[in-house]
Amino acid sequence: MTPMQVNVQSTGSLERRMEVSVPKEEIEEAIAERLKRVGRTAKLKGFRPGKAPIKVIRQQFGEQVRQEVLSDILQQSFTRAVAEARLTPAAGPRIEPISSAPGEDLKYRAVFEIFPEIALTAVEGLVVSRPVADVSESDIEAMVQNLREQRPSFDAVDRESREGDRVTMDFEGLIDGKAFEGSKGEDIAVLLGAGRMLKDFETGILGAKADETKQVAVRYPDEYHNKDLAGRTADFSVHVKKVEEKRLPPLDDAFCLEYGVTEGGLEQLLSEVADNMRRELAENVRSRLKQQVFDRFLEANPVDVPKALVEQQVRDMQMDTARRMGAKDAAQVPPAEPFIEPARRRVALGMLVNELVKTREIKIDRTRVETRLGELAATYPDPDAILKAYRQNPDAMRQVEGMVLEDQVVDYLLERAAVTDQPSTFKELMNFGA
C-alpha cells in the first residue's frame, strides 16, 4: 500500500501549512471493514439480523459509513502527520479539503500554529525593586478613624450647612427652560464634600439652611458621560429640607462589637486591625514583587505566541469580565481590544513558566498546597466541609496546585534575582487615604 504523503511549509514564524494525502486503498479498506461491522447488527427488512448481503449493506449504509470513515481518517492522519513531522500544534487546525471523491486519495490542507521552541536565556540576575514599609501607629490610628467613618450617625441641626454635613433636598433643573433626564429628585441626601455630586451643585447648597430654597447654576463638564448634557449649563431650584451634622461613634465596646470583637474591647480591636493591615501590606508587597519579576522574566526571554492561544485567552477574559459585570446577553460582552495585550502577556508568561518548571524540575510542594487549602477554607463558616469539597473536585484542586506552583516559580526567580530594597510607607503602597 502506498504510504501517506505529508508536505509541510512554514508560512510564518509559528504558522505551518501541511498537505496530507491518504491513499485511496487505506480508505476503501477502512470502509469495507466498517461495513462488515455494520452488517453484523444491521436490521433490514427481509433479512435476519446479520444476514444481509454486503452489497445490500453497502447500498443502504455506504455513503454514511464513507463520511464517518473520512472524518475518522482525517483526524487520525493529522495526528500521525504532525507526529512524523515532529510538530506540536498550539491549537486545532483549519482544514481545507482538496479531494475526497470515491476512487481518489483523500487530500487536504491543514493550517495551524505550533508552540515556539523556548530556550530560557536569562533567569538569574533579574533586576527587581522590593518596596519596604511598616505599619506605624499613625497608620493604625488612621485605619481606626476610617472604621469610625464607616459607622456615622447624623443629627439634625438648625444652622447653615457646611462640609461634612448631610443635606436632604428636593430639586428640579431646566436647560433652556426644559426638563431633562435626571433633572428632578425628591428626598435626595447628599454628604457635602464627598464628591458624589457635581462641584457646582455642592458649592451651590453649601451654606443653605433647612426650609431654604436656592437657585443653583450647574455647568456639566465637557467630558460628562451623558453627551446630551456635556458642556451645558442647567438652572436648578433646590429646596433644602434637612441639614444634619455627622457624628462619629465613640471607641467603646459597642463599636468594637460592630467589627466582631466580643472580648478584649478596644485593645483587641487595635490588635486585630494591626494584624490585618500587616497581612494586607505583605500581600501587596508580594503582588508587586511578583508583577516585577514576571515583567523582567518576560523582557529577558522574548517569545512568539500563537495567535490562536491569544484569541482564546481574549475570549476567556471577555467572558469572565462579562460574568463579573452581570451581563445578561452577548451584546453586553466588552470589546476584545483592551484584552489583547494582557492576553498576549498571559500566554507568553504561561509558556515561559512551563518551560522553567520543566527544565529546572520544579515540583509542586504538597505542604504548601495543604497550607493554601487551609487558608481558603478558613474564610468559610465550616472549613472542614470546604476542605472536603476541594479534595473531591479535581478541577478545584488543579486550580489550587496551579496557584502554589506559580508562587514557587516566583520564589525561584526572586532567589536568583538582583533585589534592591526601596523604602516606602503603608499609605503609599496601599493607596490609603487617597
remark   = Residue-ordered couplings for the stretch 373-386, obtained by feeding phi - 60° into the Karplus form 6.51 cos²θ - 1.76 cosθ + 1.60 and rounding to whole Hz (Gly and Pro as x), are 4, x, 5, 5, 5, 5, 7, 10, x, 10, x, 4, 5, 5
ask   = Taking the convex hull of the alpha carbon atoms in the stretch 152-247, what volume per residue do you get, in Å³?
value = 88
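Please sort 109-120, 414-425 by packing, taking for each peptide the average over its residues of neighbouring beta carbons within 10 angstrom, highest first. Could you put the intermediate results ahead of the total?
Working: 109-120: 16.7, 414-425: 13.4.
Packing proxy ranking, top to bottom: 109-120, 414-425.
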ask   = Using a Gaussian network for the chain with springs between C-alpha atoms less than 10 Å apart, which of these wobbles most: ASP165, ASP395, ASP222?
value = ASP222
message = With an 8 Å Cα cut-off and a minimum separation of 6 or more residues, compute the relative contact order for the chain in percent.
response = 17
request  = Using θ = phi - 60° and the Karplus relation 6.51 cos²θ - 1.76 cosθ + 1.60, list the HN-Hα couplings for the stretch 156-163 in order, rounded to whole Hz, with x at every Gly or Pro.
outcome  = 5, 10, 9, 7, 5, 6, 9, 4
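List, in the order given, every pair from LYS290/LYS328; LYS178/LYS227; LYS178/LYS214; LYS290/LYS427; LYS184/LYS227 whose Cα-Cα distance in the structure shown is over 23 Å.
Correct reply: LYS290/LYS328.
Using a Förster distance of 41 angstrom, determine the FRET efficiency expected from the C-beta separation of ALA282 and ALA179, and round it to 0.05. Write down the numbers at each step before the final one.
Details: r = 54 Å, r/R0 = 1.31.
Computed FRET efficiency for ALA282 and ALA179 comes out at 0.15.
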remark   = With the dipole of the chain defined by +1 on each Lys or Arg Cβ and -1 on each Asp or Glu Cβ, the option from SER138, GLN291, LEU251 whose Cα lies farthest towards the positive pole is GLN291
query = Pairing the Cα long axis of helix 394-415 with the longest principal axis of the chain, what angle in degrees results, from 0 to 90 and rounded to the nearest 10?
reply = 70
request  = Count the net charge of all other residues whose Cβ sits under 14 Å from the Cβ of ILE73, scoring Lys and Arg as +1 and Asp and Glu as -1.
outcome  = -4
note = At R0 = 45 Å the Cβ-Cβ FRET efficiency linking SER136 and GLU341, nearest 0.05, sits at 0.75
key: Antiparallel DSSP beta bridges within the chain, as percent of all bridges there, nearest 5   = 90
task = Mind jotting down a quarter of the surface of the convex hull over the alpha carbons of the stretch 23-126, in square nanometres, one decimal?
result = 9.7
request  = Go through the stretch 75-88 residue by residue and turn each phi into a ³J(HN,Hα) via Karplus (6.51, -1.76, 1.60, θ = phi - 60°); whole Hz please, and just put x for glycine and proline.
outcome  = 5, 5, 5, 5, 4, 5, 5, 5, 5, 4, 7, 6, 10, 10
key: Magnitude of the charge dipole, the chain, Cβ model with Lys/Arg +1 and Asp/Glu -1, debye to 20   = 3100
request  = Just tell me which lysines come within less than 22 Å, Cα to Cα, of LYS45; anything on the same chain fewer than 8 places away is out.
outcome  = LYS36, LYS55
request  = Please name which of THR203, GLY164, ALA217 has its Cα lying farthest along the dipole of the stretch 152-247 towards the positive end, using unit charges on Cβ (Lys, Arg +1; Asp, Glu -1) and the Cα centre as origin.
outcome  = GLY164
task = Using only Cα atoms, tell me the angle between helix 340-359 and the longest principal axis of the chain; keep it within 0 to 90° and round to the nearest 10.
result = 60
remark   = Semi-axes (Å, rounded, descending) of the ellipsoid equivalent to the chain per its C-alpha gyration tensor are 64, 34, 25
The stretch 152-247, relative contact order in percent, only Cα pairs under 8 angstrom and at least six apart counted = 41
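Taken together, the values in this text are just the output of simple stated rules run on the coordinates, not laboratory data. All figures in this text were calculated on a predicted structure; none of them were measured in a lab. Cβ sites come from the backbone with ideal geometry, for glycine too, and all protein chains shown count toward neighbours.
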